[in-house]
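The values are calculated or read from the model by the stated rules, or taken from the named source; none is laboratory data. Because the structure is a prediction, the values reported are computed rather than measured. Counting neighbours? That spans all protein chains shown, and the Cβs are built from the backbone with ideal geometry, glycine included.
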Amino acid sequence: MSNTKYVFVTGGVTSSLGKGIIAASLAKLLQERGFSVTIQKLDPYINIDPGTLNPYEHGECYVTEDGAETDLDLGHYERYLNIPTSQANNVTTGRIYQSVINKERKGEFLGKTVQVIPHITDEIKRRIQILGETGDYDIVITEIGGTVGDIESLPYVESVRQMLWEKGEDNAIVIHLTLVPYLAAAGELKTKPTQHSVKMLMQSGVSPNILVCRTEHEISDDIKRKLALFCNVKTEDVIQSIDAETIYDVPNLMLDQGLDEVVLKKLQLSSPLKPELKVWNNFLQKHKNPKHEVEIALIGKYIELQDSYKSITEAFIHAGSTHETKVKVRWIHSESLTPNNFEKQLDGVNGILVAPGFGDRGIDGKIKAVQYARENNIPFFGICLGMQMAVIEFSKNVLGLKDAFSTEMKKDALNPVINLMESQENVTEKGGTMRLGAWDCKVEKGSKTYNAYKSENISERHRHRYEFNNDYLEQIETAGMKATGTNPKTGLVEVVEITNHPWFVGVQYHPEYKSTVLKPHPLFVDFIKAALKQSKK
Ligand code: GLN
């Protein structure tokens, strides 16, 4: 039996209140107090994971070390805590039902009728406790996706109710995040939506221990008392979460409100350490007071929903802070970049990043952006599909292989410089079947990549089916694009660079997933440095 304590975070009134950021901020404060903490997200949808979801539906699909395709909140957890998450940190209703149905087919329920209660709720509780039972964590914070009152959240709320009963009040608590809206016409903050959402939770047998109230204005002590009285909590357990300038302010705001203290008190835990947030505040100070500014063009096909590139824009913030530089993003839809307008659209940027993606929509625009960066000595960073486009552009325009393409977009390309990986040839199912998660890469000494990492041996996370076609390696290298990073076992090209260029790096992997506040990613740091140099020209 482990002594792990459980904190559940539920949401009420509306979605998008930032449960993930509150959970991550609390975890950060507890970590600073010396506890080992992890955060888990339970998502009430039927997809097994977000891997097959269109980014327009769900934002970025975040990938863990062990190759799980997960919710983008896991990215926040890693960026705040600087520790990796795994398969166990994201569970969906689809996955819960899949396990239960698999067991039923194996006859494991011994003839019993399989039901939401107890079978689905048991499986939910098992998944919640998997992390606790590793013995690695003092505290597991579980964020319940969705909003209380949704039909699909009911089995989760019931599982929480059961766990509170089983573990006892010293070992499991609920934080309910709500909205306290400001009615301009009345000039007042309104508590009624919070009262209703707490009532809804109570109808399911769960009484929240702590309320965190999102608000645009300071919540007075009177309103806190009112909320406490009607929601059955102590006044000190009503925590205000006022709108912040940046999500990275939230740990400090929660510290000022004493969220960590009330949580520890309820869980009967104590620590001699006070959260200092030293490195964090140093990062924040530089982020908020930049001395320089660069503008980076981000070329992608999902830019209408900027959450599709969450880890990339956060990595810009981390790297920007390192250089005391504000990184302004010029969002460019790849479909809008045409041979007639690309010069105008890209004019004046200090760096160009061609983003990951799938399928052929907007491909020509991406190739044009690469060409512009290459010919005008603009720092270029290609990630996954962006790297593949760099190889295609170079093959077309420098090697003169007019028909160079990826077989993803053109099955019968005469020069398939990007090709389906051999291991993918017999893959028919779409879910969870890409080359996923962490793989080793050997970096060539003296390359830009080596100079950034200061190491020959790196490991980075992947999510792709296509690869650099090594049949073209010699030709491409002779013409000036070098493979400076390769998989030591398979020889698969992981990094390409153009030597005769200020900063031109394409990576088959996703460096953005590993950038954190404490450890900004070396390639992003170096890219921003190059952009800064470009801006001074
Ligand atoms: N579509 C490309 C592939 O599957 C690139 C994927 C990506 O950018 N993540 O290889």
Legend entry - Failed criterion for His521 (all others in (1) in contact with a His (Cβ under 9 Å, 6 or more places away or on another chain); (2) within 16 Å of Gly382 (Cα to Cα); (3) within 16 Å of the ligand (Cβ to nearest atom) hold): (3)
Legend entry - Search result, residues across the stretch 161-186 that are more than 19 Å from Arg225 (Cα to Cα) and in a loop (DSSP other than H, G, I, E, B): Gly168, Glu169, Asp170, Asn171, Ala184, Ala185, Ala186
Inset, instruction - May I ask you to say which residue of Ala228, Ala244 is farther than 30 Å from Thr313 by Cβ, out of contact with any Gly (no Cβ under 8 Å at 6 or more places or on another chain), among the small types (Gly, Ala, Ser) and free of Cβ contacts under 8 Å to residues at least 24 places away in the same chain? - result: Ala228
Legend entry - Lone unmet requirement of (1) more than 20 Å from Lys19 (Cα to Cα); (2) over 25 Å from the mean Cα position of the chain (by Cα) for Leu211: (1)
Inset, instruction - Give me a count of the residues in the stretch 394-408 that are surrounded by fewer than 24 Cβ atoms within 10 Å (Cβ to Cβ) and either over 20 Å from His510 (Cβ atoms) or basic (Lys, Arg) (or both). - result: 9
Legend entry - Sole residue being crowded, with 24+ Cβ neighbours inside 10 Å and either touching a helix residue (DSSP H, G or I) at 6+ places or on another chain (Cβ under 7 Å) or acidic (Asp, Glu) (or both), chosen from Ala23, Ala27: Ala27
Inset, instruction - Starting from the stretch 84-111, keep only residues that are under 15 Å from Ile141 (Cα atoms) and touching a residue at least 40 places away in the same chain (Cβ under 8 Å), then list their pairs with residues that are assigned to a helix (DSSP H, G or I) and acidic (Asp, Glu) whose Cβ atoms are within a distance under 9 Å, requiring at least 6 positions of separation or different chains. - result: Thr85/Glu78; Asn90/Asp73
Legend entry - Test set (1) within 16 Å of the ligand (Cβ to nearest atom); (2) farther than 21 Å from Pro520 by Cα - Asp471 fails condition number: (1)
Legend entry - Subset tally (residues that are within 16 Å of the ligand (Cβ to nearest atom) and hydroxyl-bearing (Ser, Thr, Tyr)) for the stretch 474-496: 1
Inset, instruction - Check off (1) touching a Pro at 6+ places or on another chain (Cβ under 9 Å); (2) away from the ligand (no atom under 15 Å from the Cβ) for Glu456 and give me the number that stays unchecked. - result: (1)
Legend entry - Subset of the stretch 358-395 (residues that are within 11 Å of the ligand (Cβ to nearest atom) and either charged (D, E, K, R) or modelled with pLDDT of 95 or more (or both)): Asp360, Lys366, Gly382, Ile383, Cys384, Leu385, Gly386, Met387, Gln388, Met389
Legend entry - Sole residue being surrounded by fewer than 17 Cβ atoms within 10 Å (Cβ to Cβ) and touching a Gly at 6+ places or on another chain (Cβ under 9 Å), chosen from Pro193, Pro118: Pro193
Legend entry - Counted residues, the stretch 497-518 - those being within 15 Å of the ligand (Cβ to nearest atom) and polar (S, T, N, Q): 1
Legend entry - Considering residues of the stretch 380-393 that are touching a Leu at 6+ places or on another chain (Cβ under 8 Å) and not hydrophobic (A, V, I, L, M, F, W, C) only, the residue surrounded by the most Cβ atoms within 10 Å (Cβ to Cβ): Gly382
Inset, instruction - State whether the residues of the stretch 309-316 include one that is part of a helix (DSSP H, G or I) and within 30 Å of Gly258 (Cβ to Cβ). - result: yes
Inset, instruction - Please enumerate the residues belonging to the stretch 408-428 that are under 26 Å from Tyr372 (Cα atoms) and more than 10 Å from the ligand (Cβ to nearest atom). - result: Lys410, Ala413, Leu414, Asn415, Pro416, Val417
Legend entry - Cys231 being in contact with a Pro (Cβ under 8 Å, 6 or more places away or on another chain), among the hydrophobic types (A, V, I, L, M, F, W, C) and surrounded by 17 or more Cβ atoms within 10 Å (Cβ to Cβ): yes
